[in-house]
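Asker: Below is a structure I'd like to ask you about.
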Amino acid sequence: MQGGFIIVDYSEKAIAVFGDTKPVKDALPALGGRFNARLPHDGQKKAGWNFQKPTEDAVRRLLGKDE
């Protein structure tokens, strides 16, 4: 987990970002991200951001996970 967050395939049409996104929290809505304080992940409700699948490359670049 680079930078304190992870990116996961959330559904067929969406990805989700979990972890410490505070340093980039203002840029995430500009990419179409929606914050959810109780997003289900691994059987628990966690704070995270969800995005439409077409924005995945831009989200990865912003978070430095574009390998």
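Asker: Show the residues, 5+ positions off or on another chain, whose built amide H is closer than 5 Å to the amide H of Ala47.
Answerer: Placed amide hydrogens put Leu39 under 5 Å from Ala47.
Asker: Kindly write out, for the range 6-13 in residue order, the coupling ³J(HN,Hα) from the Karplus curve 6.51 cos²θ - 1.76 cosθ + 1.60 (θ = phi - 60°), rounded to whole Hz, with x marking Gly and Pro.
Answerer: Values per residue, Gly and Pro as x: 10, 10, 10, 6, 8, 7, 4, 10 Hz.
Asker: Taking the alpha carbon gyration tensor of the chain, what are the square roots of 5 times its eigenvalues, largest first, to the nearest whole Å?
Answerer: For the chain, the semi-axes come out at 16, 13, 12 Å.
Asker: Another one. Measuring with a 1.4 Å probe in the full set of protein chains, what accessible area per residue, in whole Å², belongs to the range 14-67?
Answerer: On a per-residue basis, 63 Å².
Asker: Right, here's the next one. Need one number: nm distance between label points at Lys13 and Arg34, each 7 Å from Cα along Cα→Cβ, rounded to one decimal.
Answerer: 1.0 nm
Asker: A further question on this structure: Tell me what the chain gives for mean residue ellipticity at 222 nm when only DSSP H runs of n ≥ 4 count, each as -39,500 (n - 2.57), the sum divided by the residue total, rounded to 500 deg cm²/dmol.
Answerer: -3000 deg cm²/dmol, from helical runs alone.
The values are calculated or read from the model by the stated rules, or taken from the named source; none is laboratory data. Here the structure is a predicted model, which means the values were calculated and not measured. Heads up, the Cβs are rebuilt from the backbone with ideal geometry, glycines too, and the neighbour counts pull from every protein chain shown. Please note that ligands, DNA and RNA were not included when accessible areas were found on the heavy atoms of the full protein model with its side chains. Shrake-Rupley method; radii C 1.70, N 1.55, O 1.52, S 1.80 Å.
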